[in-house]
Amino acid sequence: MSLDKRVGAALFEVIDPELGVNIMDLGLIYGIEVDFDDNIRIVMTLTTPGCPMHDSIKSGVLHRVSQVEGVGEIKIDLVWEPAWTPVKMSDRAKEMLGMR
Amino acid sequence: MMAGGSLNSDTNIKLPLAFILYALAALVISQIVLFLNNDVLAAGQFRIPDIWMGAHFLLLGYAVMIAMGAMYQLVPVAFLTPIWNQTFGFIQFLVTAIGVTAFSILLGVMPEFALYGGIVAIIGIMMFIIQMVKTIFKQKKKNTMTLFVIGAITSFFLTIVAGFLLAWNVSIGSIGSHGTILSSHIVLGVSGWFTLLIFGFSYKLVPMFSLSHGYSMKWAKPAFITYIAGLISLISSFWIENTLVQSTGWFLLLAGFFFFVLDIREILAKRLKKKLDKPFSFSVLAIFNGLGVHMLAFMFSVSGIRESAVWGWLIFLYVMSWIIFSILGYLYKIVPFLWWTHKYADKIGKEKVPTLKEMINEKHAVILFTLFVISVFGLTGSGLLYIEFFVFIFQGLLAFTSLLYALSIIQVLIK
């Protein structure tokens with residue numbers, strides 16, 4: 001499995017503590033980029049600007065990705081645009097939130 | 001893409017927690033004091049020293065201290081700006097806690113010396129206002145929430161000015177218009193400070209806790225302007241003694257509150273989290289209680305009801321079913337968040353950590369909130385009907401429920 005796929009799989013284990021749903025299913029991860037030296041750049045957002053879980057979720061991503069074998073340096077870019085919308089959620093997340 | 005930048009919201013957990021723990025103790029004390037004086041409550045007499053003591057432990061000791069603690073936590077998060085000076089915050093806590101305790105006790109046992117406790121409390125509150133003004137001043141992009149918080153802080157300042165004049169009168173005397181100042185003090189405190197503050201934070205917390213998206217907040221500015229106009233009109237009516245201006249004031253306050261409810265209704269209609277957490281639902285229920293009391297106040301005003309006991313119980317219902325219920329519900333979200341951040345934030349992504357919901361016992365919360373509803377509405381009904389036995393029972397239940405509630409919050413801190 002490629003490194004970006006393994007990083008993506010690891011991020012399924014980072015749970016938003018308020019919603020109880022992982023950040024991949026919530027659609028908070030906009031992109032995972034890997035360069036030639038296996039350094040990782042993660043572009044992500046949160047469900048709302050000023051989310052109190054900001055620091056916790058960001059450091060959770062950092063911790064979990066650092067445990068993936070073969071990962072170089074990790075950079076996390078938190079962005080507010082494009083803003084997160086419910087469309088970005090997976091069916092599983094929608095089900096967990098009682099939307100289905 | 002627009003970068004998120006640094007939020008730097010890391011308020012030292014000890015600061016909001018200090019306020020919250022003091023407030024929980026004050027809540028229990030206030031309810032015990034009121035329970036011990038259930039006979040005067042049953043007689044509809046609110047303007048006596050023991051009731052002043054209970055009311056100030058409740059409003060200053062519990063509600064104000066919780067509001068301060070919550071603001072130390074929420075302002076950096078919601079305004080994306082760090083607290084101006086945290087060390088100053090700890091000193092402010094000590095001064096305010098000493099002042100509020102001394103002031104409340106002196107009001108009950110030696111009202112003639114209450115002024116001195118009041119001065120310390122005022123110094124503490126002024127320190128808080130300075131802290132918040134300095135913090136908000138640093139906010140780069142002001143928003144609707146800023147407007148409500150500035151309105152609330154301004155009302156708070158005017159409340160303590162009026163409160164100081166009242167304490168001066170009780171201790172030394174000589175300032176006229178005592179009753180008018182008292183009415184202004186109550187309106188500025190409960191409607192100006194608390195209501196505007198809860199409005200402001202609700203615009204952030206309700207969408208956050210219900211995961212709402214695509215709402216407009218189109219009624220926020222009309223709600224703010226109308227509510228402020230209502231406050232000015234109502235307070236003016238006390239001074240010029242004009243019933244038409246007074247009824248207009250009550251109408252504007254009701255309209256402002258209604259506009260706020262329209263926005264909340266839209267936010268909830270567009271929520272993604274269909275099953276809301278029970279404590280949060282309790283805070284939402286409180287919003288409708290507030291609207292109901294505003295309706296009653298307007299109706300009583302146009303019907304010419306002037307009986308002080310009726311208005312006394314209506315103020316009690318507003319304070320308890322709107323302000324205190326809102327705080328009780330939100331505290332069940334804020335305290336688990338604070339403790340979770342302290343204990344588990346560094347472990348996320350490393351090991352399995354509990355969700356915020358797992359930090360509290362929702363079943364117990366439902367029982368407690370039900371008991372709060374029964375005791376508050378039961379107490380108001382029996383108080384209005386002057387049934388001493390039921391006032392005793394419901395105030396006893398309220399004191400007991402407050403104690404259980406305080407213990408349930410403390411329980412979160414051992415998880």
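Laid out as a table, the results:
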quantity	calculated
Single residue of the stretch B:358-370 satisfying the filter (buried (at least 18 other Cβ atoms within 10 Å of the Cβ) and assigned to a helix (DSSP H, G or I)) that is modelled with the lowest pLDDT	B:359
Selection status of residue B:205, buried (at least 21 other Cβ atoms within 10 Å of the Cβ) and under 12 Å from the mean Cα position of the chain (by Cα)	no
Residues of the stretch A:1-60 that turn out to be over 30 Å from residue B:72 (Cα atoms), within 9 Å of the chain's Cα centre (by Cα) and part of a loop (DSSP other than H, G, I, E, B), as a count	2
Members of the stretch B:327-358 that are more than 9 Å from every other protein chain (Cβ to nearest Cβ) and more than 23 Å from the chain's Cα centre (by Cα)	B:342, B:343, B:351
Candidate set: the stretch A:64-81, residues that are at the interface with chain B (Cβ under 7 Å from one of its Cβ atoms) and surrounded by fewer than 17 Cβ atoms within 10 Å (Cβ to Cβ); chosen: the one nearest to residue B:346 (Cα to Cα)	A:77
Evaluation of residue B:157 against (1) part of a loop (DSSP other than H, G, I, E, B); (2) in contact (Cβ under 8 Å) with a residue 12 or more places away in the chain (one fails), failing number	(1)
Any chance residue A:85 is surrounded by fewer than 21 Cβ atoms within 10 Å (Cβ to Cβ), facing chain B (nearest Cβ under 8 Å), under 25 Å from residue B:277 (Cβ atoms) and at pLDDT below 90	yes
Any chance residue B:173 is surrounded by fewer than 19 Cβ atoms within 10 Å (Cβ to Cβ) and assigned to a loop (DSSP other than H, G, I, E, B)	yes
Output for the stretch B:275-293, where each listed residue is more than 17 Å from residue B:376 (Cβ to Cβ) and in contact (Cβ under 8 Å) with a residue 12 or more places away in the chain	B:276, B:277, B:278, B:280
Considering residues of the stretch A:21-33 that are modelled with pLDDT of 95 or more and of a type in the set (Val, Ile, Thr) only, the residue farthest from residue B:353 (Cα to Cα)	A:32
Residue that is farthest from the other protein chains (Cβ to nearest Cβ) [pool: residues in the stretch A:3-41 that are of a type in the set (Gly, Ala, Ser) and surrounded by 15 or more Cβ atoms within 10 Å (Cβ to Cβ)]	A:8
Residue within the stretch B:84-92 that is at pLDDT 90 or above, of a type in the set (A, V, I, L, M) and more than 30 Å from residue A:53 (Cα to Cα) present	no
Conditions (1) surrounded by fewer than 21 Cβ atoms within 10 Å (Cβ to Cβ); (2) in a helix (DSSP H, G or I); (3) among the polar types (S, T, N, Q): number failed by residue B:191	(1)
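The rows are residues; the columns are (1) modelled with pLDDT of 90 or more; (2) farther than 20 Å from residue B:23 by Cβ; (3) part of a helix (DSSP H, G or I).
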{"residue": "B:374", "(1), (2), (3)": "yes, yes, yes"}
{"residue": "B:383", "(1), (2), (3)": "yes, yes, yes"}
{"residue": "B:392", "(1), (2), (3)": "yes, yes, yes"}
{"residue": "B:399", "(1), (2), (3)": "yes, no, yes"}
{"residue": "B:409", "(1), (2), (3)": "yes, no, yes"}
{"residue": "B:414", "(1), (2), (3)": "no, no, no"}
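The values are calculated or read from the model by the stated rules, or taken from the named source; none is laboratory data. All figures in this text were calculated on a predicted structure; none of them were measured in a lab. Glycine gets a Cβ as well: all are built from the backbone with ideal geometry, and neighbour counts include every protein chain shown.
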